[in-house]
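**Q** Mind having a look at this structure? Questions to follow.
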Amino acid sequence: MKLTVYHDGQFWVGVIEETVDSKLRAGQVIFGSEPKDTEILDFVNKKLLSYIEKRRFQVEIEKKEKKVNPKRLARQVAKEMQQKGVSNYAHEAMQLELQERKKERKIISKEEKEALARKKREMKIAKRKAKHKGR
């Protein structure tokens, strides 16, 4: 599991990546102002697991399991520390999650619009009947 915190120009964002059996789940947390170390530690200790468990979509990744020289590993870590943003796999997983939520919102808003239209129609009919009651 990896948590990457970076500034995207407007907000401080944390991207969580969890890899299990060559499948990656990712989520994004917006911290707002620059988070202090204690805030990040509190997030990791208390909220991180529940947040990543809510993510439904996983992406297949290719992972090469190979013994790495310690010096090379140190260079890779330094290179990752210089990078800003997230991996392509994490981005893909977050996009899938976003598209699914968008579909759900569309369905819910469509149902609400239909319910409102039915209610207005029923009120219109009731009003029309009330006008003709005395005849």
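**Q** Could you check the stretch 76-98 and list, in sequence order, the residues that are surrounded by 11 or more Cβ atoms within 10 Å (Cβ to Cβ) and modelled with pLDDT of 85 or more?
**A** Within the stretch 76-98, GLN76, LEU98 meet the criteria.
**Q** Would you mind telling me which numbered condition in (1) at pLDDT below 85; (2) open to solvent by less than 60 Å² (accessible area, probe 1.4 Å); (3) more than 29 Å from PHE11 (Cα to Cα) GLU62 fails?
**A** (2)
**Q** Could you list, in sequence order, the residues of the stretch 1-19 that are in contact (Cβ under 8 Å) with a residue 24 or more places away in the chain, open to solvent by 70 Å² or more (accessible area, probe 1.4 Å) and of a type in the set (A, V, I, L, M, F, W, C)?
**A** Matches in the stretch 1-19: MET1 only.
**Q** Further question on the same structure: With the structure loaded, tell me whether LYS102 is within 30 Å of VAL20 (Cα to Cα), open to solvent by 100 Å² or more (accessible area, probe 1.4 Å), among the basic types (Lys, Arg) and at pLDDT 85 or above or whether it fails that test.
**A** Taking the combined requirement at face value, the residue satisfies it.
**Q** Right, next: Hydrophobic (A, V, I, L, M, F, W, C), open to solvent by 90 Å² or more (accessible area, probe 1.4 Å), within 19 Å of MET1 (Cβ to Cβ) and free of Cβ contacts under 8 Å to residues at least 12 places away in the same chain - does that describe any residue in the stretch 25-48?
**A** Looking for residues that are hydrophobic (A, V, I, L, M, F, W, C), open to solvent by 90 Å² or more (accessible area, probe 1.4 Å), within 19 Å of MET1 (Cβ to Cβ) and free of Cβ contacts under 8 Å to residues at least 12 places away in the same chain, one finds at least one in the stretch 25-48, hence yes.
The values are calculated or read from the model by the stated rules, or taken from the named source; none is laboratory data. As the structure is a computational prediction, the values presented were derived from the model and not from experiment. Counting neighbours? That spans all protein chains shown, and the Cβs are built from the backbone with ideal geometry, glycine included. Just so you know, the surface numbers come from the protein's heavy atoms only, side chains and all, with ligands and any DNA or RNA stripped out. Shrake-Rupley method; radii C 1.70, N 1.55, O 1.52, S 1.80 Å.
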